[in-house]
1. Report Rg/Rh for the chain, rounded to two decimals, where Rg is the Cα radius of gyration and Rh the Kirkwood radius.
2. With every protein chain left in place, what is the accessible area per residue of the chain in square angstrom, probe 1.4 Å?
3. Quick one: which residues, 5+ away or cross-chain, put their amide H under 5 Å from the amide H of Thr307? H built at 1.01 Å from N.
4. Convert 4 °C to kelvin, take the viscosity as 1.567 mPa s, use the Kirkwood radius over C-alpha pairs of the stretch 149-293 as Rh, and evaluate the Stokes-Einstein diffusion coefficient in µm²/s, rounded to a whole number.
5. Given a 1.4 Å probe and heavy atoms of the protein chains only, how would you sort Lys104, Lys352, largest accessible area at the top?
6. At 222 nm, what helix-only mean residue ellipticity would the chain give, in deg cm²/dmol to the nearest 500, using -39500 (n - 2.57) for each DSSP H run of four or more?
7. What is the angle, in °, between the Cα long axis of helix 309-318 and the longest principal axis of the Cα atoms in the chain? Nearest 10 is fine, range 0 to 90.
8. Ignoring any ligand, DNA or RNA, what whole percent of the accessible area of the stretch 112-204 comes from carbon and sulfur when the probe is 1.4 angstrom?
Amino acid sequence: MEINNVLVYTEQHEFVSGSISFEDGIIKDVSLTGEAAAGNDVAGDDALYAIPGLVDIHFHGCMGADLCDAEPDTIKTLAEYQAGQGVTTICPATMTMSLPELHKIMANIGAYQGDTGAHFAGVNMEGPFISPANKGAQAAENIIPCDAALFRELNRESGGRIRLVDIAPEEPGAIEFIEAVRDEVNVSLAHTVADYDAAMAAFRAGANHVTHLFNAMLPFHHRKPGVQGAAADAGAYVELICDGVHIHPAMVRAVFKLFGSDRVCLISDSMRAAGLADGDYTLGGQAVKVKGSLATLADGTIAGSVTNLMLCLKNAVQEMQIPLEAAVRSASETPARSIGIFDCCGSLSSGKRADIVLLDRDLNVRQVFVGGRAVK
């Protein structure tokens, strides 16, 4: 099959008129026929943008389902909804659950063999190795110290599918944990009260990622730069929720300037209400009230988002003035690189999966191909 007369997002992170051909689910050729043009201000005809399918490495649920439900159809529900939104590769996140629940969740992940909807790249293990002092919407009673043996047991149960494990680096045993597992999984700093020195110690030990930057960590202060300053110095990947609730637009722009689109991973951090109406839901076993774009616990704590990654990309461009080229990179290539799957997805390149999204000039999704198969 061939897609013609589109503005192709290239490996050089620019839009150029051209075409894409694919066969048996694989991109065969990307032919460029024009000059590079600024994605936010393209003159001329109404050719669609062709971008790589997005890669969400941190969300919990959608359409009433949550990864922690551990039901046979849970991941299928997540994958099918996300594919329809232009998110063609997913790495959903667990929560700080009890150990029996975590074992059940990982066993369900290990058993998943789905082939519909978005590609299932693995999971982001958010908790239980976090700080009780900055738990956010996580359940305090389930927080435990870092435990490499437990992590390995859970990873075996998941079929080796844990791509990220999130920890608070200041907690006892955290540095030793990082040193023990750094060659097996990407370690991310999360739900923490770590200062700059504690965060730098974690990065030196082998951590390489930060979970939802600014959220559930100490503020970025000019004399106390904290996790944010350490991540910038260490060159870590950082997640950013651009739903218009979690981060002020000015801070989003500052993060792109500080880290660059090659280190910023846009995420949705969505919970089960994504795609559904306002109402009462749950997250990690806790009651959540959803009204408009805001999801909160009873005490007012923000409990994830109710958006999806494509809407976050659109919001970043249209409401936060992030260049389209940068936003696309941060929602596709960069997250794919961060969890080690860029060899098969994250760019429109010959030999990669034909995960392609066509957008109109208002960044509305017009068509989605997942492995060359049209899903919208």
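The values are calculated or read from the model by the stated rules, or taken from the named source; none is laboratory data. From a predicted model like this one, the values you see are computed outputs, not experimental measurements. Here the Cβ is made from the backbone with ideal geometry for all residues, glycine too, and neighbour counts use every protein chain on show. Each accessible area value is taken on the protein alone, full model and side chains, heavy atoms only, with ligands, DNA and RNA left out. Shrake-Rupley method; radii C 1.70, N 1.55, O 1.52, S 1.80 Å.
1. Details: Rg = 19.7 Å, Rh = 20.5 Å.
Ratio of gyration radius to Kirkwood radius: 0.96.
2. 38 Å²
3. Hits under the 5 Å cutoff: Met271.
4. After rounding, the answer is 79 µm²/s.
5. So, going from the largest accessible area down, we get Lys104, Lys352.
6. -7500 deg cm²/dmol
7. Taking the Cα atoms of the chain, the angle to 309-318 is about 70 degrees.
8. Roughly 46 percent, rounded to a whole number.
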